[in-house]
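Engineer: Below is one structure. I have some questions about it.
The values are calculated or read from the model by the stated rules, or taken from the named source; none is laboratory data. Not measured: the values here are computed from a predicted model. Heads up, the Cβs are rebuilt from the backbone with ideal geometry, glycines too, and the neighbour counts pull from every protein chain shown. Just the protein is used for accessible areas: all its heavy atoms, side chains included, with ligands, DNA and RNA removed. Shrake-Rupley method; radii C 1.70, N 1.55, O 1.52, S 1.80 Å.
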Amino acid sequence: GSTGSQGDIATITWSLVADGTSIVSEGSSNLISYMDGLFGSSGGSNLTTRPWFSLFQESFDRWTELGGIKFVYEPNDNGVQMGGNTAGSLGVRGDIRIGGAVIDGANGTLAYTYLPNNGDMVIDTGETTLSSRPSACHCACIDSESLPTGIEMPSAGHSSRPIARTASYRAASSPGCA
C-alpha cells in the first residue's frame with residue numbers, strides 16, 4: 001500500500017515465525033528453539049519475554065534510528081510458508097518475517113533474505129559460532145549491531161533470487177566475557 005507523501009517515514013512491520021513454519025527449500029523453521037537453546041526461555045507464546053528477543057528488537061530499533069523507515073514488531077504470524085510472495089498484513093504477519101533452518105552449517109551462509117519480492121529472512125541455525133562460545137558470553141557475542149551487519153539489501157531492479165551473504169558476529173565488550 002501507500003507509504004504517504006515523498007519524505008514521509010515508512011513503517012515496516014517484522015515478525016518471528018513459529019517453529020514448524022515451512023521455508024521454501026529449507027524445511028521447517030526452528031529459529032525459536034535454536035535461540036531458546038542458546039539463551040534460555042521464559043516459555044509461553046509471548047516472544048517479547050524471551051531473553052533473546054531484545055537482540056532482534058535492538059537491531060530494528062537501530063535501523064529506525066538511522067532514518068527513513070520505522071520498524072515495528074508484529075506479534076502475530078499466521079504461519080504461511082516463508083519464501084513465497086505473501087505480503088505482510090497488520091495483525092496477521094510482518095512485512096519482514098524471520099525464521100531459521102540449517103542452511104549449510106558452520107562458517108558458510110549466516111542468513112539470507114528473499115528480496116525484492118518479500119522480506120522473509122532465514123537465519124542458519126546450523127551455525128556453531130554462537131553455541132561454541134561460553135554461555136555467559138552469548139549476549140556479548142551477538143549485539144544490536146550484529147544482525148544489520150549481516151544483511152545486505154539490494155536496490156530495486158536487481159535479481160529476484162534469494163540473496164545470500166556470509167557475516168561474522170561482532171564481539172562486544174561485556175562484563176564476564178573475555
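Engineer: Would you mind stating whether residue 47 is of a type outside the set (Phe, Trp, Tyr), under 20 Å from residue 72 (Cβ atoms) and in contact with a helix residue (DSSP H, G or I) (Cβ under 8 Å, 6 or more places away or on another chain)?
Structural biologist: Details: of a type outside the set (Phe, Trp, Tyr): yes; under 20 Å from residue 72 (Cβ atoms): yes; in contact with a helix residue (DSSP H, G or I) (Cβ under 8 Å, 6 or more places away or on another chain): yes.
Answer is yes for this residue.
Engineer: Check off (1) free of Cβ contacts under 8 Å to residues at least 12 places away in the same chain; (2) surrounded by 15 or more Cβ atoms within 10 Å (Cβ to Cβ) for residue 97 and give me the number that stays unchecked.
Structural biologist: (1)
Engineer: Which condition number does residue 70 fail, the rest of (1) touching a helix residue (DSSP H, G or I) at 6+ places or on another chain (Cβ under 6 Å); (2) free of Cβ contacts under 8 Å to residues at least 24 places away in the same chain; (3) more than 16 Å from residue 122 (Cβ to Cβ) being met?
Structural biologist: (2)
Engineer: Which of the residues belonging to the range 71-84 are in contact with a Phe, Trp or Tyr (Cβ under 9 Å, 6 or more places away or on another chain) and surrounded by fewer than 16 Cβ atoms within 10 Å (Cβ to Cβ)? Reasoning before the result, please.
Structural biologist: Residues of the range 71-84 that are in contact with a Phe, Trp or Tyr (Cβ under 9 Å, 6 or more places away or on another chain), as a first pass: 71-74, 82-84.
72, 84 - these are the residues of the range 71-84 that are in contact with a Phe, Trp or Tyr (Cβ under 9 Å, 6 or more places away or on another chain) and surrounded by fewer than 16 Cβ atoms within 10 Å (Cβ to Cβ).
Engineer: Identify all residues within the range 2-40 that are over 19 Å from residue 110 (Cβ atoms), at pLDDT 95 or above, open to solvent by 40 Å² or more (accessible area, probe 1.4 Å) and not acidic (Asp, Glu); write none if there are none.
Structural biologist: If the condition is that a residue be over 19 Å from residue 110 (Cβ atoms), at pLDDT 95 or above, open to solvent by 40 Å² or more (accessible area, probe 1.4 Å) and not acidic (Asp, Glu), then 18, 20, 22, 28 are the ones that fit.
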